[in-house]
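All remarks here apply to the structure that follows.
The values are calculated or read from the model by the stated rules, or taken from the named source; none is laboratory data. All of these numbers come straight from a predicted model, not from anything done at the bench. Glycine gets a Cβ as well: all are built from the backbone with ideal geometry, and neighbour counts include every protein chain shown. When the accessible area is computed, the model is the full protein with side chains, heavy atoms only, and any ligands, DNA or RNA have been set aside. Shrake-Rupley method; radii C 1.70, N 1.55, O 1.52, S 1.80 Å.
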Amino acid sequence: MSTKDLQQAADSAENDGAREVREREVTASDARALAEASRIAEDQRPSFAKGIYMGSYNLDLIRPHQRDPEEDIRARGFLDQLTAYCATLDGELIERTGAIPDQYLRGLAELGVFGMKIPRKYSGLGLSLLSYGRALMVLSSVHPSLGALTSAHLSIGVPEPVKVFGTEEQKEEYLPRCAGGAISAFLLTEPDVGSDPARMRATAVPSEDGSEYVLDGVKLWTTNGVIAELVVVMAAVPPHGTEKGGISAFVVEMDTPGITVENRNNFMGLRGIENGVTRLRGVRVPAANRLGREGQGLKIALTTLNTGRLSIPAMCAASGKWSLKIARGWTGAREQWGRPIWQHEAVGKKVAFIAASAFAVESVFELSAEMADAGTKDIRIEAALAKLWASEMAFRIGDELVQIRGGRGFETASSLAARGERAVAAEQQLRDLRINRVFEGSTEIMHLLIARDAVDAHLKAAGDLAVAGSSLSSKVQSAVKASGFYGRWLPTLAAGRGSVPTAYAEFGPLSGHLRYADRASRRLARSTFYGMARWQAGLEHHQVFLGRIVDIGAELFAMSAVCMRAETMRGKDPKEGAAAYELAGAFCAQSRVRIDTLFDDLWRNSDAEDRRLAKGVLGDRYTWLEAGVLDQSEGTGPWISETANGTVAGENLHRRYR
């Protein structure tokens, strides 16, 4: 099809419905309504993490599950092969050239890496999430871009949504291709659309006979998009006939006429990532390529992310383990004032933090992955907490490693090697880790998403008390209803197992930490109630308060994970288990300090002053403070590209690696 034909097709698709989607003004209530409508239906399975926020601390929900011995054998064999192959790869080459060599990708495809999570029925390896995460650890230890590529393909790319929501025909068509090396990507973000999909401008206009859709729009930060063969595109279907339309998901072939990859984006880290800007202009997609129903796209995306997020804590665990190895070697070799620097308390404390936190990050990943594999619990909050907490802690670990290394921590690996020293890429790791606090939901967005699920019972009990603009009569009725719920629930928070001195005795020296976690869970629930009672409908605007609530729960989840892992390890190997108990005990002591600080900060903080100051900054009250420096970015372009949603396509940078 010629460029002229494409333009005509696109113009014919540009009907009133599509224009309305692109030009409509989106209000806060619109965004909230879409988010609520897209939330996954209430899961009747129990949730350990949700219980933490409600003051119900039930360790039985995270007891180890019996694993499939046959899968473990297959996984060990694959991981051995993968480790041997990855040992031949040069991460510095990826860092230096900013690209993963095609031969590396072909080698990974031959091993079956791109089919790790795909069922064996569809030519994949059928590995568990736990085994998949361990493979990501190996890959990302060569270079994080390898982990990012694999995760973007398997965790949120075509395989996962097709596996969960696709028809049998779609599974048979796409899953074997993906397993064989057809790399995929997920296209959701737009230049002016991040975590607020109500603003989505990409459209999918159905043809008159319903046989196809015409897609138009621009997608930003499409990881793998530069080399992908298949992508999942999220686009808004305008209302048509009796159908409401809505955001929908489509599997799209990247060689379809009208698709261009206009830019290969470059970042402070992940320098081998194939991330681009993808423009769709008059792209015709068969209706058979739609996943699920019209309007189900955002729910598909959220469901995919539930387990997809677990790839990040797996890779964070890898960085923690590497950081510990480097910290141990360096602080033992480097001497100052007559002794190794680890013997100086200021450095030794950092080493202890790295060791305890590395153990905890891996524990959080393993617990979350095992729960996801078992499928008997609702792990939405667990997976979100794992992503949130692991990404924050891994970055702190990486930062402490740079500090321990001093000037060598700031120096690049290639520079160190050039002058004859060990090529430790500590500064690269810090750059690479930073994006994990943004990937698949920034820390701030994760706080809000988790808080929404964590306080769900309160919102249901409060009814119109938690809804802005409700009438007085409806609030009175809701108050009566809420009093019944809280009358039954609040007394349960007064005391519990954590108040019994002999509770959790089976955990030996860790029992005191678990009693603390039990008590802290009830205190957390009471604090959430106080916030709900104080601000009611205004609670949603106190995002920093909610963030602290979430962070306390995350620390309690991590404490629980390390204690359970240490006990499990002690049952398998007493010697190794004793060492794990030491790591778990140190982590819990560190975590308790952070938790106590967060509890204090709930009610003693500068939040009100900070809100006023932010308002003044955006009201240009302090522009004089910006004087005296030069802004080199001035005049280079607008904050958001004005041509991002234009009609002119640039040079197509899309390529195939095979």
The convex hull of the Cα atoms of segment 51-183, divided by residue count, gives a volume in Å³ per residue of 143 Å³
Additional length obtainable on full extension of the chain from LEU630 to ARG63, 0.36 nm per residue less Cα span:
198.4 nm
For the chain, the per residue accessible area (1.4 Å probe, Å²) is 45 Å²
Out of the total accessible area of segment 485-621 (probe 1.4 Å, heavy atoms of protein only), what percent is carbon and sulfur?
56 percent
Are there trypsin sites (Lys or Arg not before Pro) in segment 354-448 that DSSP puts in a loop and that have at most 11 other Cβ atoms within 10 Å, and which ones?
ARG419
Report relative contact order for the chain in percent, whole number only (criteria: Cα-Cα under 8 Å, sequence separation at least 6).
16 percent
Amide H proximity to GLY272 below 5 Å, modelled H, separation 5+ or other chain, gives SER145
Taking the Cβ-Cβ separation of SER641 and THR502 as r and a Förster radius of 60 Å, what is the calculated FRET efficiency to the nearest 0.05?
0.40
Which whole-number percentage describes the relative contact order of segment 161-303, with Cα contacts under 8 Å and a sequence gap of 6 or more?
27 percent
For segment 203-208, in order, what is each residue's ³J(HN,Hα) by Karplus, 6.51 cos²θ - 1.76 cosθ + 1.60 with θ = phi - 60°, in whole Hz (x at glycine and Pro)?
10, 10, 8, x, 6, 4
List every DSSP H helix in the chain whose Cα atoms extend 18 Å or more along the helix's own long axis and whose mean Kyte-Doolittle hydropathy is at least -1.0.
69-86, 129-142, 311-333, 345-374, 380-405, 472-489, 511-535, 543-572, 574-603
How compact and how long is segment 549-655, expressed as Rg and Dmax of its alpha-carbon atoms in Å?
25.7, 66
Loop sites in segment 311-356: chymotrypsin sites (Phe, Trp or Tyr not before Pro), DSSP, at most 12 other Cβ within 10 Å
TRP337
For segment 545-638 the mean separation of alpha carbon contacts under 8 Å (6+ apart) over residue count, i.e. relative contact order in percent, is 27 percent
Would you mind checking which residues have amide H under 5 Å from TYR57's amide H? H placed 1.01 Å from N; only 5 or more apart, or other chain.
none
Residue (of VAL251, VAL233, ALA608) at the positive-pole extreme of the chain, dipole from beta-carbon charges:
ALA608
With only Lys, Arg, Asp and Glu charged, each at its Cβ (+1 for the first two, -1 for the last two), find how big the charge dipole of the chain is about the Cα centre; round to the nearest 20 debye.
2000 debye
On alpha-carbon atoms, Rg over Rh for segment 279-356 using Kirkwood Rh?
1.43
How are the alpha carbon pair distances in segment 44-122 distributed across 5 Å bins from zero to the largest one, expressed in percent?
3, 11, 14, 13, 11, 10, 11, 11, 10, 5, 1
Set Lys and Arg Cβ to +1 and Asp and Glu Cβ to -1, take the dipole of the chain about its Cα centre, and tell me which of ALA358, PRO161, PRO574 lies farthest positive.
PRO574
Please report, in Å, the Rg and the Dmax of the chain, where both are computed over Cα atoms only.
25.9, 83
List, in order, the whole-Hz ³J(HN,Hα) value for each residue of segment 239-255 obtained from phi through the Karplus relation with A = 6.51, B = -1.76, C = 1.60 and θ = phi - 60°; use x for Gly and Pro.
x, 8, x, 9, 8, 7, x, x, 5, 10, 10, 9, 8, 10, 6, 6, 8
Spatial separation of Cα centroids for segment 130-165 and segment 187-246, in angstrom:
24 Å
Give the distance, in whole Å, between the Cα centre of segment 579-627 and the Cα centre of segment 494-522.
27 Å
Spin-label model distance (nm) - GLU172 vs ASP90, 7 Å beyond Cα toward Cβ
4.6 nm
Classify segment 174-239 from the C-alpha gyration tensor, please: rounded if a/c falls under 1.5, else prolate or oblate depending on whether a/b exceeds b/c.
oblate
Return the equivalent ellipsoid semi-axes of segment 338-390 as a descending list in whole Å, where each equals the square root of 5 times an eigenvalue of the C-alpha gyration tensor.
35, 10, 5
Based on alpha-carbon centroids, what's the gap between segment 372-426 and segment 82-125 in Å, whole number please?
21 Å
Enumerate by residue number the GluC sites (Glu not before Pro) in segment 158-248 meeting two conditions: DSSP loop (anything except H, G, I, E, B), and at most 11 other Cβ atoms within 10 Å of the site's Cβ.
GLU208
